[in-house]
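Trainee: My questions all concern the structure below.
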Amino acid sequence: AKQLERRNAFITRTFGRYLSDDVVERILDDPRGLSLGGELRTVTVLMNDLRGFTSMCERLRPAEVVALLNRYLECMTAVILEHEGTIDEFIGDAILVIFGAPLARPDDARRAVACALSMMLAMDEFSAWCLERGLPQLEMGIGLNTGDVIVGNIGSERRLKYGIVGATVNLTSRIETYTVG
């Protein structure tokens, strides 16, 4: 029983920040779908990025930049978790999201597309929030791509994180740079 409690605490700690509560519960119920070592998986990757954010940072006070960025990330995180995506990481004003790991589902690609559409709607609400406060209007680009990645715990003994690497991730980033906000 103690070993099971430790395992559940580890899974909750490791994935609770990146996954919706129901996905964490599914992992706890059936950890066979969870692989912490490196493995090749077919996933759908979503990457989004704010347009004009870097230049806007130069015009606003640091506290305003952080408040705006945190509000944006909070809005997008809610949408991502609603669609059961896994937040791989925040990269400044960009977000890298995985559909298909740690749990693969037959509708991963469909949920990723639905998430992208919902993010666009959430961006409209975020833009209205910015306008109400006299902040600059921002736009967002989103790239989507399905392909093979290496997924697992990546890092060092001091700093380890669940994530993905591979050509699919790089291509998704390139696709995102070509999207219109």
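FYI, it's all coordinate maths here, none of it is from the lab. Only a predicted model underlies this, so the values are computations on that prediction, with no experimental measurement involved. Please note: Cβ atoms are built from the backbone with ideal geometry, for glycine as well, and neighbour counts cover all protein chains shown.
Trainee: For residue 107 and residue 180, FRET efficiency with R0 = 30 Å and r from the beta-carbon atoms, rounded to 0.05?
Mentor: Working: r = 27 Å, r/R0 = 0.90.
The formula returns an efficiency of 0.65 here.
Trainee: So how tilted is helix 108-132 from the main axis of the chain? Cα-based, degrees 0 to 90, rounded to 10.
Mentor: 30 degrees
Trainee: Is it possible to state the helix-based mean residue ellipticity at 222 nm for the chain, with each DSSP H run of 4+ residues giving -39500 (n - 2.57), the sum divided by total residues, to the nearest 500 deg cm²/dmol? What is it? Write out the running numbers ahead of the final one.
Mentor: Details: 6 runs with 85 residues, N = 181.
Result for the chain, helices only: -15000 deg cm²/dmol.
Trainee: Apply the Karplus parameterisation 6.51 cos²θ - 1.76 cosθ + 1.60, with θ equal to phi minus 60°, to every residue of region 67-83 and state each ³J(HN,Hα) to the nearest whole Hz, in sequence, with x for glycine and proline.
Mentor: 4, 5, 5, 5, 5, 4, 5, 5, 4, 6, 4, 4, 5, 4, 5, 4, 9
Trainee: Hey, can you grab everything whose amide H is under 5 Å from the amide H of residue 154? Only 5+ residues off in sequence or another chain; H modelled, so Pro and N-termini drop out.
Mentor: Under 5 Å from the amide H of residue 154 lie the amide H atoms of 161, 162, 163, each far enough along the sequence or on another chain.
Trainee: Viscosity 0.890 mPa s, temperature 25 °C: Stokes-Einstein D of the chain from its Kirkwood Cα radius, in µm² per second? Let's see the in-between values first.
Mentor: Values: Rh = 17.2 Å.
Using the Kirkwood radius from Cα pairs, D works out to 142 µm²/s.
Trainee: Across 10 Å bins from 0, what is the distribution of all Cα-Cα pair distances for region 40-147, in whole percents?
Mentor: Calculated P(r), rounded to whole percents: 15, 47, 27, 11, 1.
Trainee: With an 8 Å Cα cut-off and a minimum separation of 6 or more residues, compute the relative contact order for the chain in percent.
Mentor: Working: 270 pairs, mean separation 54.5, N = 181.
Reported relative contact order: 30 percent.
Trainee: What distance in nm separates the simple spin-label points at residue 40 and residue 73, each placed 7 Å from Cα in the Cβ direction?
Mentor: According to this spin-label approximation, the distance is 3.4 nm.
Trainee: Right, another one. Could you go through region 170-180 in sequence order and give the Karplus-derived ³J(HN,Hα) for each residue, using 6.51 cos²θ - 1.76 cosθ + 1.60 with θ = phi - 60°, rounded to whole Hz, and x for Gly and Pro?
Mentor: Going residue by residue, I get 4, 5, 4, 4, 5, 4, 4, 5, 8, 7, 8 Hz, with x marking Gly and Pro.
Trainee: Going toward the positive end of the dipole of region 108-181, with +1 on Lys and Arg Cβ and -1 on Asp and Glu Cβ, which of 169, 130, 120 do you reach last?
Mentor: Of the options given, the answer is 169.
Trainee: Once phi is turned into θ = phi - 60°, what whole-Hz ³J(HN,Hα) does the Karplus curve with 6.51, -1.76 and 1.60 give for every residue of region 56-62, x standing for Gly and Pro?
Mentor: Once θ is set to phi - 60°, the couplings for region 56-62 become 5, 4, 6, 9, 9, 5, x Hz.
Trainee: Here is a further query. Within region 88-181, which chymotrypsin sites (Phe, Trp or Tyr not before Pro) sit in a loop by DSSP and count at most 14 neighbouring Cβ atoms inside 10 Å? Numbers along the way, then the final one.
Mentor: On the way: sites: 90, 99, 126, 129, 162, 178; in loops: 178.
Filter output for region 88-181: 178.
Trainee: If you take the charge dipole of the chain about its Cα centre, with +1 on Lys and Arg Cβ and -1 on Asp and Glu Cβ, which of 3, 149, 44 is farthest toward its positive end?
Mentor: Final value for the positive-end residue is 3.
Trainee: What is the magnitude of the charge dipole of the chain about its Cα centre, with +1 placed on the Cβ of each Lys and Arg, -1 on the Cβ of each Asp and Glu, and no other charges, expressed in debye to the nearest 20? Walk me through the numbers on the way to the answer.
Mentor: Values: 20 positive and 25 negative charges, 118 e Å.
About 560 debye.
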